[in-house]
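Colleague: Mind looking over this structure? Questions follow.
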Amino acid sequence: MQTFRRRVFAWFSRNSRELSWRGTRNPYEVWVSEIMLQQTTTTAVEGYYLRFLKRFPDVQTLAEADLAEVYRYWEGLGYYRRAAQLHKAAGVIVEKHGGVFPQTFKDVLALPGVGRYTAGAILSIAFDRRLPILEANTLRLHSRLLGVKTDPLETETNRRLWGFAEEILPKKNVGRFNQALMDLGSRVCLPKQPLCLSESGKNPCPIIEWCQCARLGLQREIPVPKAKPDIESVTEIAVLVRKRGKILMMQYPDGVRWAGLWDFPRCQDGASDSVTKTLGELTGRRITLVRQISVHKHTVTRFKITLRFVEGEDGGSLQKPRYAVRWVTPGELDDLPLNSAGRKLWQMTNDPMSILDYGFICLSISGVTQTVND
């Protein structure tokens, strides 16, 4: 076991990834990075982490901030519930722990948005607590080391992997060891083509002699792949409504996709009268569809969305809106937290040429034909 650990540490000293959050032992900064990294790649997080910390440098500042502003700094990173939970947890730390980040596993685990992995990562990296981690990279790495032929997320198998992750921990430098294992999984023990299968003659894996998977030649079969979710195609419509220099925007309520974010009036596409009725229910306004501006395709979790962007006209108040609505100036819209599609639509609206560019890109890359009215 000592040799195993030494190999991991030595490899990490030579091959560790240069990441903005590496090297810090500030629990607040570690916590922010770990929440951002949930279900998100390190490449995507790099562009957000330092900007977020510059605006919210400590837990007190984050707790006192307006949630809308937190969303604005999170915009484009996706899974916005994480931002809401981060903000809520900051309030808990200030109110319950006097603004000092808790240092016990129980207290950290009790924070909104924190699970077993995140709590272990924060406490091991920031305070060198002897706590294991198990995320995508180490789940794969440990499954291969043990030669696990069952689903790693199945209860008994998962319990076994957590036990192994704890067993191999050193007595000190635990956070560094955990980060080394994550990097080893990310850079060497790749999902589809681990580098130990390379024909170069040089094996980059420092712990291959302990790997049951390599011994049995099962790197492509282990871990058992997750079942892919069914992709659902959805067609939606978003409407640009201008009036006296202002633009109509709606805010998604709690319990729906993009809760707390603002967007152009948007609903499922369909017959014109059906769309008009739904938009009236959502916004409380009588909206008439005028002309199509562009078509935008994007994916959100398991939904493949075709979004028609249409210009509309406001016909006055109709009823009490189901969603919160606001008439905003272009400057105010720049500061509102929007979902990624909404932000792209607004950017295209401000730069008409970008609409044409987007059409040409779609045509050349994916063969999608779209009509652009100018």
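Colleague: Roughly how many nanometres apart are two label points built 7 Å out from the Cα toward the Cβ at Ala271 and Leu289?
Modeller: Those two pseudo-labels are separated by 1.2 nm.
Colleague: Further, regarding this structure: What's the magnitude of the charge dipole for segment 234-365 around its Cα centre, counting Lys and Arg as +1 and Asp and Glu as -1 at the beta-carbon? Answer in Debye, nearest 20.
Modeller: Working: 19 positive and 14 negative charges, 54 e Å.
My answer is approximately 260 debye.
Colleague: About the Cα centre, and with charges only on the beta carbon of Lys, Arg (+1) and Asp, Glu (-1), how big is the dipole of segment 101-258? Nearest 20 debye, please. Before the final figure, lay out the partial values.
Modeller: Values: 24 positive and 16 negative charges, 108 e Å.
Approximately 520 debye in magnitude.
Colleague: Further question on the same structure: Based on the alpha-carbon gyration tensor of segment 234-365 and its eigenvalue square roots a ≥ b ≥ c, which shape applies: rounded if a/c is under 1.5, prolate if not and a/b is larger than b/c, or oblate? Show your work: numbers first, answer last.
Modeller: Numbers: a/c = 1.41, a/b = 1.32, b/c = 1.07.
Because its axes are fairly even, with a/c under 1.5, segment 234-365 counts as rounded.
Colleague: Among bridges DSSP assigns within segment 234-365, what percent are antiparallel (round to 5)? Display every interim value, and only then the final one.
Modeller: Numbers: 25 of 34 bridges.
Of all bridge pairs located within segment 234-365, approximately 75 percent are antiparallel.
Colleague: Let a ≥ b ≥ c be the square roots of the eigenvalues of the Cα gyration tensor of segment 2-216; is it rounded (a/c under 1.5), or, if not, prolate (a/b larger than b/c) or oblate?
Modeller: Taking the square roots of the gyration eigenvalues as a ≥ b ≥ c, segment 2-216 is prolate.
Colleague: Another question, then. Subtracting the Cα-Cα distance from 0.36 nm times the residue separation, let me have the gained length for Glu221 to Thr329 in nm, one decimal.
Modeller: Working: separation 108, 0.36 × 108 = 38.88 nm, distance 5.54 nm.
My answer for the length gained is 33.3 nm.
Colleague: Rounded to the nearest 5, what is the percent of antiparallel bridges among the DSSP beta bridges in the chain? If you can, show how the numbers build up before the last one.
Modeller: On the way: 25 of 36 bridges.
For the chain, the DSSP antiparallel bridge percentage is about 70.
Colleague: Something else: Between Met182, Leu333, Ala83, whose Cα lies farthest towards the positive end of the dipole of the chain when Lys and Arg beta carbons carry +1 and Asp and Glu beta carbons carry -1, centred on the Cα centre?
Modeller: Looking along the dipole axis, the top candidate is Met182.
Colleague: Related question: Where in segment 39-56 does the amide nitrogen come within less than 19 Å of the point 7 Å from the Cα of Arg22, taken along Cα to Cβ?
Modeller: Label zone hits: 40-51.
Colleague: Let me check I've understood the local charge: for Thr329, count other residues with C-beta under 14 angstrom from its C-beta, Lys and Arg +1, Asp and Glu -1. What total comes out? Please list the in-between numbers first.
Modeller: Numbers: positive: Arg242, Lys243, Arg244, Lys246, Arg326; negative: Glu332, Asp334, Asp335.
Its environment carries a net charge of +2.
Colleague: Would you tally the net charge around Gln2, using a Cβ to Cβ cut-off of less than 15 Å, leaving Gln2 out, and scoring K and R as +1, D and E as -1? Working shown, then result.
Modeller: Details: positive: Arg5, Arg6, Arg7, Lys171, Lys172; negative: Glu167, Glu209.
Here the charged neighbours net out to +3.
Colleague: Based on Cβ point charges of +1 for Lys and Arg and -1 for Asp and Glu, what charge dipole magnitude is obtained for segment 7-49 about its Cα centre, in debye rounded to the nearest 20?
Modeller: Numbers: 5 positive and 4 negative charges, 58 e Å.
With Lys and Arg at +1 and Asp and Glu at -1, about 280 debye.
Colleague: What are the aspartates and glutamates whose alpha-carbon lies under 17 Å from the alpha-carbon of Lys320, with same-chain residues fewer than 8 places away excluded?
Modeller: Glu281
Colleague: Name the residue from Thr278, Leu62, Ile168 whose Cα lies farthest towards the positive end of the charge dipole of the chain, charges +1 on Cβ of Lys and Arg and -1 on Cβ of Asp and Glu.
Modeller: Among Thr278, Leu62, Ile168, the one farthest towards the positive end of the dipole of the chain is Ile168.
Colleague: Could you give the length gained by full extension between Lys320 and Ile231, i.e. 0.36 nm per residue of separation minus their alpha carbon distance, to one decimal place? Could you put the intermediate results ahead of the total?
Modeller: On the way: separation 89, 0.36 × 89 = 32.04 nm, distance 3.47 nm.
Stretched out fully, the Lys320 to Ile231 stretch lengthens by 28.6 nm.
Colleague: Once you put a point 7 Å from the Cα of Arg159 and another 7 Å from the Cα of Asp66, both along the Cβ direction, what distance in nm separates them?
Modeller: Here the modelled spin labels are 4.9 nm apart.
Colleague: Okay, next question. Using a cut-off of 11 Å between beta-carbons, work out the net charge of the residues near Cys213 (Lys and Arg +1, Asp and Glu -1, Cys213 not included).
Modeller: Details: positive: Arg140, Arg144, Lys149, Arg215, Arg220; negative: Glu221.
Spelling it out: positives minus negatives among the neighbours equals +4.
Colleague: Right, next: Report the full-extension gain for the segment Trp210 to Phe105: residue separation times 0.36 nm, less the Cα-Cα distance, to one decimal in nm.
Modeller: On the way: separation 105, 0.36 × 105 = 37.80 nm, distance 3.04 nm.
Using 0.36 nm per residue and subtracting the Cα-Cα distance, I get 34.8 nm.
Coordinate-derived values only; no laboratory data. As the structure is a computational prediction, the values presented were derived from the model and not from experiment. Quick reminder, even Gly has a Cβ in these numbers, built from the backbone with ideal geometry, and neighbours come from all protein chains shown.
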